[in-house]
Every structure is written in structure tokens, then in C-alpha cells.
1. What residue, among those in the range 213-252 that are small (Gly, Ala, Ser) and surrounded by 15 or more Cβ atoms within 10 Å (Cβ to Cβ), is modelled with the lowest pLDDT?
2. Quickly run through the range 225-252 and pick out the residues that are more than 13 Å from Ile69 (Cα to Cα) and assigned to a helix (DSSP H, G or I).
3. I'm checking my understanding of the structure. Among residues of the range 57-88 that are in contact with a His (Cβ under 8 Å, 6 or more places away or on another chain) and of a type in the set (S, T, N, Q), which one is nearest to Ile187 (Cα to Cα)?
4. Scan the range 92-115 and tell me whether some residue there is in contact with a Pro (Cβ under 9 Å, 6 or more places away or on another chain), buried (at least 18 other Cβ atoms within 10 Å of the Cβ) and of a type in the set (Asp, Glu).
5. Inside the range 136-148, can you point out the residues that are surrounded by fewer than 19 Cβ atoms within 10 Å (Cβ to Cβ) and closer than 14 Å to Val188 by Cα?
6. Give all pairs with beta carbons closer than 9 Å in which a residue from the range 186-205 that is among the aromatic types (Phe, Trp, Tyr) meets a residue that is at pLDDT 95 or above and in a helix (DSSP H, G or I); count only pairs at least 6 apart in sequence or on separate chains.
7. So Lys183 fits all but one of (1) out of contact with any His (no Cβ under 8 Å at 6 or more places or on another chain); (2) surrounded by 22 or more Cβ atoms within 10 Å (Cβ to Cβ); (3) in a loop (DSSP other than H, G, I, E, B); (4) not small (Gly, Ala, Ser); what number is the exception?
8. Do you know which residues across the range 105-123 are farther than 17 Å from Phe145 by Cβ, under 17 Å from the mean Cα position of the chain (by Cα) and either in a helix (DSSP H, G or I) or not aromatic (Phe, Trp, Tyr) (or both)?
Amino acid sequence: MTTTTTRIAHLSDVHMLDEARADRFRARAYDLSTHFVSIGRPLDPILRRRKLKNGLAAAKQAGAHHYVISGDLTEMGTKAQYEALSETLHESEIAPWRITLVPGNHDAYDSPTAWREAMDGPLRPWAMSSARNPGAVVDIGSVCFLPVDVACHQPVTRSAGEITDGAVDALERRVKDTAFRHKPIVIVQHHPPFERSAVMQWIDGLRGWARMMGLLERFPSVNVLHGHLHNVVSRVVGLGRERIFGAPAIVDDPSDRPRVRLYEVYDDTLQSVGFA
């Protein structure tokens, strides 16, 4: 008899703002770069915080055992925005080891060291279960997560990501580890691991995507959870089953109706089971 061992909640693209600018009628207080990357979304820090709070609450109510937030956690990657994220995660009362965080392109706009400083500062409680070093492992029993940092510091006119050969090598060593042979392996990263159109690939795609897809094609136990596209993605790898999954953006949802994607582990496979 097949039994469900683990339920995973997948949130993405939170775009947290600095709550010190709480007056929603003072959007002009934000600089031009913040206005540009927000693409016309209301610069309302309280609303964005509420959306994440309600998304986490919906995931808890759905019985999630582990929570993945796949990047663009902040709008610009400033310390104040990471602090607002940290406060909201603490308020959820979800144990830090049950939450896996990875950065997206927005999380590195402010500084090339923004993510590392957040891991050592406001996000330190979640560092052990998040993307800190290449090849990091979060093994929760029935599933193994490999959180990956594909963010890179760049002008706000670009939104690309990059996975280096060294990072892919580290992932492959983990994938080949016999300790994880009989469980699904879930790589968590912000950008999808497939190619975009030529122009979009340069502006918005993942450099190094081909090696990632090669890894997925060679190892059928490996899955990817990603964000970035702000849409639901369920992509088949080769002639097999769906193994690349994208979640919708929390920032785009109504605060009272968050879309949190859910997965369950059946035997040794990861399957999408709808939304919270």
C-alpha cells in the first residue's frame, strides 16, 4: 500500500519591502530602481508582509511538513528588507529548520554580498536549512533538498541568474551519494533550469542551464522547484514524468487568497497535488 510520508509547501517571489516606509501613499520615498523592478506593483510593505504571512498560514493549515520559498524574497536585497522577512518568518511560528530559503535576482541587486550578509545576520536562524554553500544538504528523512544560490549582482535592467560549473559539480556529487539512493532529491533554486528565447535568455535566463538539464536527464530521482516566472510550471524531463515545478508569485496574489503549491512524496517520487 502506498503511503504519503511528506507534504511540501512551495512559495515563491515574495518581494518584501522595507516596512519603515509603511505609508502606502508615499511611494515616492522609494528610489527609481525600486520603482523600476516593482513593475507597477503597489509599493506597500504592509500588504506584501500580509501576503507572505497568509501564505505561510495557508501552508500550515494544509499540513505542510516542510516549506520552500524559492527566491526573490525581497525587492532589492537591502538589510531592512531582509529584516522584515525575518520578522515575518518568526511570526509564523514555523520552526526554522522546516523552512528552506534560496535567493533570487532581486535579492542581490543591492550588493554582491547581500545574501551572505543576510545568512550571517537577519536570516541566520534559517541558514542551516537554506542556500549557503554549494552542495548544501537538507535531509528531512523521506526527501533530500539541495538549496542552490543562482543569484548574481547585476544592474536592475537585467534579471538573469547563474549556476557555475563548481555548483553543478557539487550537486552531482550529492546526487550520486548512495545515502540518498532511495528517496527523491529536490534541487531548490530561483531560476528555471531550462532555456528561454534568445533575448530573454540573456536578460532573464539562467546561465549554466544546459548542465542543469543534463543532470536532470541523467538522474531520474532529481526534481527542481523554482520560482522567477511568477506562473505555475509543470515540466516533463525527457520521456519521463514531471520533475520541474514552478510556483506562482506570492506578491501577485490577493492577500486573502494566496496560492501555495503543494507536493507529496509517494514512495520514492515527488508529485504535485494542487494548492493550499
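The values are calculated or read from the model by the stated rules, or taken from the named source; none is laboratory data. Note that the coordinates shown come from a computational prediction; the quantities given were computed from them, not determined experimentally. Cβ placement follows ideal geometry from the backbone for every residue including glycine, while neighbour counts extend to all protein chains displayed.
1. To start, the set of residues in the range 213-252 that are small (Gly, Ala, Ser) comprises 214, 221, 227, 234, 238, 240, 246-247, 249.
Next, from what is left, pick out any that are surrounded by 15 or more Cβ atoms within 10 Å (Cβ to Cβ): 221, 227, 246-247, 249.
Details: Ser221: 94, Gly227: 98, Gly246: 98, Ala247: 98, Ala249: 98.
By that ranking, first place goes to Ser221.
2. Asp252, the sole residue that qualifies.
3. Across the range 57-88, the extreme among qualifying residues is Ser70.
4. no
5. Val137, Asp139
6. Listed by first residue and then by second, the contacts come to Phe194/Trp209; Phe194/Met212; Phe194/Met213.
7. Lys183 satisfies all of (1) out of contact with any His (no Cβ under 8 Å at 6 or more places or on another chain); (2) surrounded by 22 or more Cβ atoms within 10 Å (Cβ to Cβ); (3) in a loop (DSSP other than H, G, I, E, B); (4) not small (Gly, Ala, Ser) except (2).
8. Taking the range 105-123 and keeping what is farther than 17 Å from Phe145 by Cβ, we get 105-118, 120-122.
Next cut, under 17 Å from the mean Cα position of the chain (by Cα) only: 105-109, 114-116, 118.
If the condition is that a residue be farther than 17 Å from Phe145 by Cβ, under 17 Å from the mean Cα position of the chain (by Cα) and either in a helix (DSSP H, G or I) or not aromatic (Phe, Trp, Tyr) (or both), then Asn105, His106, Asp107, Ala108, Ala114, Trp115, Arg116, Ala118 are the ones that fit.
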